[in-house]
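Just so you know, all these numbers are worked out from the coordinates, no wet-lab data involved. These figures come from a predicted structure and were not determined experimentally. Using ideal geometry, Cβ is built from the backbone for each residue, glycine included, and neighbour counts are taken over all protein chains shown.
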Amino acid sequence: MDKQNKKRVAMRVHGKVHGVFFRASTQEKAEELGLTGFVQNEADGTVYLEAEGDAQALEMLKAWAHVGPRAAQVEKVIVKELDELEGFVKFEQRR
């Protein structure tokens, strides 16, 4: 992939997002979109993720994160564009 078209974003998802397969579903969606990065549950009840890859694929992941898996109740998603690419090799779930 052309590095110029690659971007990296961080997202914090608020709402009912723990115990609803949010991390597993995020990993599945990111892999489907060809993105790399990670997703993890946070102690404050949010889900945090970083993803990098094609800008259009990142937009699709952002849109998906506002809905999440069926059992989730997403209240808001805070998205931050990050300047540097991390060079993630795959998309993984972290604890």
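Here are the numbers for this structure:
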item: Pairs, first on the phi < 0 side of the Ramachandran plot in the range 53-79, second aromatic (F, W, Y) and surrounded by fewer than 19 Cβ atoms within 10 Å (Cβ to Cβ), C-beta under 9 Å, six or more apart; result: P69/F21; R70/F21; A71/F21; A72/F21
item: Residue selected from the range 1-48 under the condition in a helix (DSSP H, G or I) and either among the aromatic types (F, W, Y) or free of Cβ contacts under 8 Å to residues at least 24 places away in the same chain (or both), by the criterion surrounded by the fewest Cβ atoms within 10 Å (Cβ to Cβ); result: Q4
item: Single residue of the range 49-82 satisfying the filter (among the charged types (D, E, K, R) and in a helix (DSSP H, G or I)) that is farthest from K7 (Cα to Cα); result: K62
item: Boolean, V67 is in contact with a helix residue (DSSP H, G or I) (Cβ under 9 Å, 6 or more places away or on another chain) and not polar (S, T, N, Q); result: no
item: Whichever residue in the range 54-83 is of a type in the set (G, A, S) and closer than 25 Å to G19 by Cα and, among such residues, is surrounded by the most Cβ atoms within 10 Å (Cβ to Cβ); result: A65
